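J.: After the structure tokens below, expect a handful of questions from me.
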Amino acid sequence: MLHTAFHLGLTVGRTATPEAVQFWILAPLAVIAALGILVVKKAVHSALLMAWVMVTLAIFYIAQDALFLGIVQIVVYTGAVMMLFLFILMLVGVDSSESFVENLKGQRVPAIIAALGLGGLIASLVGRATVAGPAVGLTAANADGNVQGLAKLLFTQYVWAFEVVSALLITAALGAMVLAHSQKVRSPFAQRDLSIARFRKSSLGDAAGLPASGVYARHNAVDVPALLPDGSPAPTSVSQTLRARGDIISSSSFALESIEEQED
Amino acid sequence: MDISNYLYLSVILFTIGALGVLIRRNAIVIFMCIELMLNASNLALVTFSRINGNLDGQVASFFTMVVAACEVVVGLAIIVTIYRSRRSASVDDASLLKN
């Protein structure tokens, strides 16, 4: 009865020792990664931890004689679904870390208590369950191969569910296209519209275009402002994005020390 | 080690997913936690399949994966639509109907 020390009630059958070693190494790592999803601030880090949990589960599937599902787990979940998540994260903004300020006052503690209660409830249900006998194992069911066995079930007993699922997939693809479609309210600004807008402004100062960067500044990089006739930098000569980010190199750092240096 | 440990791991992962849905505010992270719950139930289904010695549990798990893929596609499209109009992926900011 030594082996009962580690499980909470339900006894279905023992696994081989290598599988047990694998489980006790990977299961704590999966749980830690899953907890990490809850506490890390950036959504990208959550996505990476999620990918790790999914790979761990794929290993567990393969260890439990579900070879096809293990491969599908890696291809579909870690490959496709997580990539989709990362695409959306890039679209929404990678650095969109959320604030941990509670909008609903005092919601976190009841949430944790409720989750612990839910976990305890399901765990006690599993613990009190009884199975007909020791675990059968999939050696007999997988005799013709796991993929062949699954295919036999899918295309005979579950063929109706399979067809319904295909309808669901088409509907989901269509729904995503409808949701992602955005109607243009007005036509985009073309060069002609921009030109007209420049001349309709109150001053004609930049009607001929904004000054080019780096002019007279002894350095022609895009982040160096041009110099005006009086020697002061022209801020409009640098791209608005670089100005907003503060990525501007002062043109005075390239200025000549004296007139003698110029003559050398 | 008993095979039922896989079931307990699945319970733990499911609970963590449920907790994440309750306490996180970023819609994308909430979505990932829903995926975690679906994955946890898949692990339970695969374990049941092993205990009972037939492949029905694996077929059910396969269908769960397909439904999860559909759910992700539609859900992320909704998040992108909300982000376009509200400039935020936080579930707290989609509160136009409040009051």
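Readers should treat all values here as calculations from the given coordinates under stated rules, not as data from a laboratory. If you're wondering where the values come from, they're calculated on a predicted model, not measured in any experiment. FYI the Cβ positions are ideal-geometry reconstructions off the backbone, even for glycines, and counts take in every protein chain you see.
J.: Filter chain A for me: DSSP H helices, axial length by Cα at least 18 angstrom, mean Kyte-Doolittle hydropathy not below 0.0. List them by residue number.
T.: Those that pass (Cα extent of 18 Å or more, hydropathy at least 0.0) are A:17-39, A:43-63, A:108-128, A:159-180.
J.: How high is the FRET efficiency from A:Ala140 to A:Ile112, r the C-beta distance, R0 25 Å, rounded to 0.05?
T.: The calculated FRET efficiency here is 0.05.
J.: 5 Å is the cut-off here: which amide hydrogens, built 1.01 Å from N in the peptide plane, fall below it relative to A:Val12, excluding neighbours closer than 5 in sequence?
T.: It is B:Ile3, B:Ser4, by chain and number.
J.: Tilt of helix B:56-86 relative to the longest C-alpha principal axis of chain B, in degrees (0 to 90, nearest 10)?
T.: With rounding to tens, the tilt is 10 degrees.
J.: Could I ask something else about it? Taking amide H positions as placed in the peptide plane 1.01 Å from N, state which residues far from B:Ser90 in sequence (5 or more) or on other chains have amide H under 5 Å from it.
T.: B:Ala27
J.: If a paramagnetic tag sat 7 Å from the Cα of B:Ser95 along the Cα-Cβ line, which residues of the stretch B:1-38 would have the backbone N under 19 Å from that point?
T.: B:21-30
J.: Here's something else I'd like to know. Per 0.36 nm of contour for each residue apart, how much would the distance between A:Leu48 and A:Ala80 grow if the chain were fully extended, relative to their Cα-Cα spacing?
T.: In short, 10.2 nm is gained.
J.: Can you work out the FRET efficiency for the pair A:Ile25 and A:Ala151, with r the C-beta to C-beta distance and R0 = 35 Å, to the nearest 0.05?
T.: So the FRET efficiency works out to roughly 0.60.
J.: Treat the protein assembly as shown as a sphere of radius equal to its Kirkwood radius over Cα pairs and apply Stokes-Einstein at 4 °C in a medium of 1.567 mPa s; give the translational diffusion coefficient in µm²/s, rounded to a whole number.
T.: Estimated diffusion coefficient is 52 µm²/s.
J.: List the residues whose amide H sits under 5 Å from the amide H of B:Gly53, counting only those 5 or more places along or on another chain, with H placed 1.01 Å from N in the peptide plane.
T.: Those qualifying (amide H under 5 Å, at least 5 residues apart or on another chain) are A:Val136, A:Gly137.
J.: Starting from the Cα of A:Arg128, step 7 Å along the direction of its Cβ; do the same at A:Asp206; then give the gap between the two resulting points in nm.
T.: 7.3 nm
J.: Note the full-extension length gain between A:Lys184 and A:Ser252 as 0.36 nm times their separation in residues minus their Cα-Cα distance, in nm to one decimal.
T.: Here the segment from A:Lys184 to A:Ser252 would lengthen by 20.0 nm.
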